[in-house]
Amino acid sequence: YVTDRFNLTNLNTEVLHYQKALELITDNLSNKPMTNELREQVEKSAMHLYGLVHARYIMTARGLSKMYEKYKHGEFGLCPRYHCSQHPLIPVGLSDVAFKEKVKLYCPRCEDIYCPKSRKHARLDGAYFGTGLPHMIFLNYSANRPAPSEQRYVPRIFGFKIHEVAELHRWQDEQREEQKKRLGITSSAQMIPDEKKPVPWGLPPLRAEVLKRRQAESSAHSQGHATYLAAEASSKDAKPDMDDYYPQAESKGYTLLQPQRRPDVMTVRTRMIVFLAGMMLMAGAVVYIRFVMYDPRVIDPSTFSATTLGTSPDTLETVDKLLRAGFDQNNTVAWDRLAEMTDMYGHRMTGSQAYDHSAEWVVKTTNSQDANLTAYTEPVW
C-alpha cells in the first residue's frame, strides 16, 4: 500500500523530509552520510508519515477487515463503564489534523469515548486513526453492530429515587446563585431596579416583587382616577390636566419599549410607478433575448466549418493517437507524469495557484520531452 504513489497524494506537504522518510519506510534509504540531527529528524518524519498512511489504509476494505478482527478480540481494550459489561473498544481520533488531539477509545454500546490506560497508546496522535473509523466499520459490518446500552445508573436515597422536581429546584437555585455572583449581588432585594442604585441591563426582577409593584401601580391609578373625576365635577370652566392626577409609568432602570408604527415611505402612486417600470424592463429583456440574441441572421450554424467544430482529419488523427497511447499497457509515460504532477501540486481547484502551476508544468514538460507535440495555454475569460 505504501509503494503505490497514488495512496500518498498530498502527504509531501505535511511531512518534513518527505522523500527520505519514504525511503526509510520502504527500506530504500541511501547510504550517504547524514548528521545525527538530520537522521533524528528523518526518523521522526518517517514515523509521522507512517501514521498518516495508516489512517488512510485502515479505511480501505482490507484495513477495515483487519481492524474489525482486532476489535472482536478486544485488542484495543474494554469499556470501563459498568453497564457495558466490558465491551471491546475501537480507537478513534477527535481531529483529522495532526498534532491536535491524542487518540481516544470509542465504545459502540454506550457511544462514548475514553482515554487509553496505556501511556504508550495515549501518546499516539488521533490523526493516525481518523475520526470515522468506528462508524465506517459498523457501516460495513452492520449486522454485528451491538445494541446500545439502555441501562443507566439511577441515584437513590434509602432505596427511593430522587424526585425530578427536587432536581429542577436545585438547578434553579444554582442558576440564581451564579447570576448573583456574576453581578455582585449579595441579597435578593438588590435584584429590583432602584433609582438610587441602578442595576445592569437585562437583569430580570423577582416574580414576587413584580406582583407587588403591579398592585401598587394599580392602587395609585385607581386613586388618581377618583381624584380626577372629583376635580372634573367641581371645575366648570376648563377640564383639569390628566397628567396631574394619573401616575406616570416609571422605568425603574429599564427602558420602556413602546410599539411604534413604521412610517409609509412610499405612497400608492409611487408603488404603482415602480411596478410598471419593472414590468416594462422585464418585457424589454424578453424581446431582446428572443429577437436579438437568437437572431438567425446574427448566428448562422452553416458558417461553421469542420475545423472549427473539431472534426478535421488532423484533429481526429491526434485523438486516435491519444486513445491508443492511453490503452497501451506497455506505455506508462502518461500515468507516470500524472502521478508526478499530483505528488507535486496536490489538489488543483479552479482558480488556485496550484492549478496554474500544474498547467505551466504540463506545458513545459510536454514541450521539452515530446518532440511531436506542442502544448500551449489559452486565455480564460
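Residues whose amide H falls under 5 Å from that of A375, counting only those 5 or more places apart or on a different chain, are N367, with hydrogens built in the peptide plane.
The Cα center of the stretch 139-169 and the Cα center of the stretch 20-35 differ in position by 55 Å. In whole angstrom, the stretch 21-86 maps to an equivalent ellipsoid with semi-axes of 36, 16, 8, each derived as √(5λ) from the alpha carbon gyration tensor and ordered largest first.
Classified by the C-alpha gyration tensor, the stretch 75-142 has an oblate form. Its axis ratio a/c, with a ≥ b ≥ c, is 1.5 or above, and a/b does not exceed b/c.
When the C-alpha to C-alpha distance is required to be over 27 Å, the pairs from K66/K117; K20/K72; K100/K181; K20/K100 that qualify are K20/K72; K100/K181. Packing, taken as the mean count of other beta carbons within 10 Å per residue, orders the peptides 32-39, 9-16, 361-368 from highest to lowest as 9-16, 361-368, 32-39. When both the stretch 332-357 and the stretch 1-17 are represented by their alpha-carbon centers, they are found 14 Å apart. Taking every alpha-carbon pair under 8 Å whose residues sit at least 6 apart, the stretch 76-126 reaches a relative contact order of 31 percent. The protection proxy used here, the mean number of other Cβ atoms lying within 10 Å of each residue, ranks peptides 62-71, 162-171 as follows, highest first: 62-71, 162-171. Projecting the alpha carbon convex hull of the stretch 59-113 along each direction and taking the average yields 4.2 nm².
For the stretch 1-125, the relative contact order is 14 percent, taking Cα pairs closer than 8 Å that sit 6 or more residues apart in sequence and dividing their mean separation by the residue count. A protection proxy built from the mean count of other Cβ atoms within 10 Å ranks the segments 42-49, 369-376, most packed first, as 42-49, 369-376.
Laboratory data are not the source of any read-out in this text; all were calculated from the coordinates shown. Nothing here was measured: the structure is a model prediction, and the numbers come from that model. Positions of Cβ are generated from backbone atoms using ideal geometry, with glycine treated the same way; all protein chains shown enter the neighbour counts.
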